[in-house]
Structures are given as structure tokens and as C-alpha cells.
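Chemist: Got a structure for you, written out below as C-alpha cells; questions coming shortly.
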Amino acid sequence: MPGIIERMKSVEGLIKAIAALLALLPAFALLKGVVNIPPDVDDLITFISAAVGLVVVVVVLLATRWIDATRNRWVGLGALLAVIVGAGTAVAYFDYAGDHIVVIPAMDEEDSERIVIPDAPSDELQALVRPYGGDYVEAMQLHVRRDRIRQLVESENTGATVRIIVLLVLAQILVTGGLVLGLWKLAGAMRKDEGVAAADASVPSPSPPADPAMPPGG
């Protein structure tokens, strides 16, 4: 049977491994799958998310002493708050990306093009898409100046693209950071509790006082 120290280390290591795995996910695959992100933006988000996940693990490792020294309730509250704010940021990402990413269909669905439309289109761009009720998909398919529309969209959508990336990466930092922080604290708390239990078990129980009425050797 493994001793209490060995069991304590194995459980703590398992919890920390799960925490690191959560942080090192290459990106928020579920969130990314909600909307059709353009391939170049998708690749950029994947790279940034992987780097951010590694940074989260490093920061938590460096802050292990502080995490262990902080009361459980404060760490738990901070982790919960981070997850809640991160979930709200994820919802904001979903709404914003859904409104600013359009799909230009093609005969072959795999060839369909995904484009980020600008947040504040120029007067020229607005005038070009106005005959189509502001529908960028129809305008880029049917307008005689569709090449000009595409050129303007690509030159004016930087701000919208940055917002999409920031919202997704921020959601990842908050949610994974909160989960990793909570799991790390849990592992440390289990180590302390089991250490105290092991110390208590190693201390022999005091013998009851002798009964003065009993004869010696009784």
C-alpha cells in the first residue's frame, strides 16, 4: 500500500497536470467553432492562444508561494470572478464576431470565403453596399464594382479584426486562468491538509493518567 506522502504527491500532481492541460489548449476551440473565422485570423488566434496558455502556466508556477499563502476563500473568489467575467467576454465575442464576419458562398462549400467587415465603414463603402440594404454578401457577389468593395473592406476591417482577437484571447485568459488558479490552490490545500493529517498520525496518543487507587503493577 502506498504511503500517505506518495498518495498526496500523486493526487497533487494529477490536479496540477489537469490545470496545465487546460491552460495549454491551443485555443478556445468551442468558441472558435461558433463562427467561421477567416483562415488568416484563425491561424493568428491559434498562435496567440497557445502562447497565452503557456504564459498562464508560467505565471501560476511563479506565483505558487503567493497562492499557497493566500486564504482559500480569497483565491476561490478570485478564480470564480475570473471565470464569470471570462464567460461574459466569451458572450461578447460571440455577438461581435457573429455580426462582423460574413461568409461569401461558393459552389464548393470548402471554397466559401470568410471576411471580416469593418466596424465604421467609409462613406464610399456605405454608398456601394447601400443598394443591397447594407448586405455585404450580396454586394460582393452582384455589384459591378465588387472588387472595389472587397478592397475597401480589407483596408478598413483592421479595427474589427483586432477586437475579435482581443475578445477571444481575453476570454481564454480569464476562464483558463481562473480554472488553473482554482485547481492549483486546491492541490496546495490538499497537500497541506494531508501533511497535517500525517503529522497528527505520527504523534503518539498520551497515556491516560494512572489510577492512584490501583496497586503498583495492577
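Here, each number is a calculation from the coordinates, and none is a lab measurement. Computed from a prediction, not measured in an experiment: that's the story for all the values here. Note that each Cβ is placed from the backbone with ideal geometry, even for glycine, and that neighbours are counted across all protein chains shown.
Chemist: Along the Cα→Cβ direction, 7 angstrom out, place labels at Leu44 and Ala69. What is the inter-label distance in nm?
Modeler: 4.1 nm
Chemist: At 0.36 nm per residue, and after removing the present C-alpha to C-alpha distance, how many nm does the segment from Asp123 to Asp95 gain when stretched out fully?
Modeler: Stretched out fully, the Asp123 to Asp95 stretch lengthens by 7.6 nm.
Chemist: Among 166-178, 69-81, what's the highest-first ranking by average C-beta atoms within 10 angstrom per residue? Kindly include the intermediate steps, with their values, before the conclusion.
Modeler: Values: 166-178: 21.1, 69-81: 13.5.
With the highest mean Cβ count within 10 Å placed first, the list reads 166-178, 69-81.
Chemist: If you stretched the chain out fully between Val59 and Val137, how much longer would it get, using 0.36 nm times the residue separation minus the C-alpha to C-alpha distance? Each step should come with its number before you reach the end.
Modeler: Values: separation 78, 0.36 × 78 = 28.08 nm, distance 4.36 nm.
The span from Val59 to Val137 would gain 23.7 nm if fully extended.
Chemist: Another question, if that's okay. Obtain the nm distance between the two label points defined at Ala106 and Ala51 by a simple spin-label model: each point lies 7 Å from its Cα along the Cα-to-C-beta direction.
Modeler: Roughly 2.9 nm, to one decimal.
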